[in-house]
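Enquirer: The structure that follows is given in the form of structure tokens.
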Amino acid sequence: QVQLVESGGGLVQLGGSLRLSCAASGSTSSINAMGWYRQAPGRQRELVALITSAGSTNYADSVKGRFAISRDNAKNTLYLQMNSLKPEDTAVYYCKADLTWFTFWGQGTQVTVSS
């Protein structure tokens, strides 16, 4: 079992920045890839960024060059630095942890970007 708790969401103006954190606990040594997903009202949950245990990253085209995912294995924490935020980035952001046989999700944190 892995527990994930996101934090760092909030209300920010167009062009602003936020850093999301996801603290993992439990069987963290079994975690392979971790990622950030988001879900806007009326839309499906979508991938924002992924990072493997080796540090390889992958981003959605819509956030490339603006967002950066990172992982501090010593602190069991995943981060998402979000810069140049746009109203279309408004969504609930979820942290996900992939183990060999299971996937775990956090409860989500709201990010709202005002114009």
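Enquirer: For Cα pairs less than 8 Å apart in space and 6+ apart in sequence, what is the mean separation divided by the residue count of the chain, i.e. the relative contact order in percent?
Expert: With pairs under 8 Å counted, the relative contact order is 37 percent.
Enquirer: Per residue, how much accessible area does the chain have with a 1.4 Å probe, in Å²?
Expert: Each residue of the chain exposes 53 Å² on average to a 1.4 Å probe.
Enquirer: Note down the magnitude of the dipole of the range 3-79 about its Cα centre, charges +1 on Lys and Arg C-beta and -1 on Asp and Glu C-beta and zero elsewhere, to the nearest 20 debye.
Expert: 100
Enquirer: Which FRET efficiency, nearest 0.05, do residue 23 and residue 114 yield, Cβ-Cβ r, R0 41 Å?
Expert: For R0 = 41 Å, the calculated efficiency reads 0.90.
Enquirer: Just how large is the dipole of the range 43-115 about the Cα centre, in debye to the nearest 20, putting +1 at every Lys and Arg Cβ and -1 at every Asp and Glu Cβ?
Expert: Here the range 43-115 has a charge dipole of around 40 debye.
Enquirer: Amide H of residue 16: which non-local residues (sequence gap of 5 or more, or other chain) have their own amide H closer than 5 Å, using H built in the peptide plane?
Expert: Placed amide hydrogens put 85 under 5 Å from residue 16.
Enquirer: At a 1.4 Å probe radius, carbon and sulfur cover how many percent of the accessible area of the range 1-66?
Expert: Of the solvent-accessible surface of the range 1-66, carbon and sulfur hold 47 percent.
Enquirer: Taking θ = phi - 60°, what integer Hz values does the Karplus form 6.51 cos²θ - 1.76 cosθ + 1.60 yield along the range 73-83, in sequence order, with x for Gly and Pro?
Expert: Taking θ as phi minus 60°, the curve returns 5, 5, 9, 6, 10, 10, 10, 9, 8, 10, 10 Hz for the range 73-83.
Enquirer: So for the pair residue 45, residue 13, with labels modelled 7 Å out along Cα→Cβ, what separation do we get in nm?
Expert: In this crude label model, residue 45 to residue 13 measures out at 3.4 nm.
Enquirer: May I ask you to list the trypsin sites (Lys or Arg not before Pro) in the range 22-79 that are in a DSSP loop and have at most 13 other Cβ atoms within 10 Å of their Cβ?
Expert: In loop regions of the range 22-79 (DSSP not H, G, I, E or B), the sparsely surrounded trypsin sites (Lys or Arg not before Pro) are 43, 64, 75.
Enquirer: Based on DSSP loop calls and a cut-off of at most 16 other Cβ atoms within 10 Å, the longest stretch of the chain free of exposed chymotrypsin sites (Phe, Trp or Tyr not before Pro) is what?
Expert: 1-100
Enquirer: Excluding residues on the same chain fewer than 8 positions from residue 96, give the aspartates and glutamates whose Cα lies under 20 Å from its Cα.
Expert: Those aspartates and glutamates meeting the cut-off are 6, 46, 61, 72.
The values are calculated or read from the model by the stated rules, or taken from the named source; none is laboratory data. Keep in mind it's a predicted model, so treat the numbers as computed, not measured. Using ideal geometry, Cβ is built from the backbone for each residue, glycine included, and neighbour counts are taken over all protein chains shown. Only protein heavy atoms, including side chains, enter the accessible area calculation; ligands, DNA and RNA are left aside. Shrake-Rupley method; radii C 1.70, N 1.55, O 1.52, S 1.80 Å.
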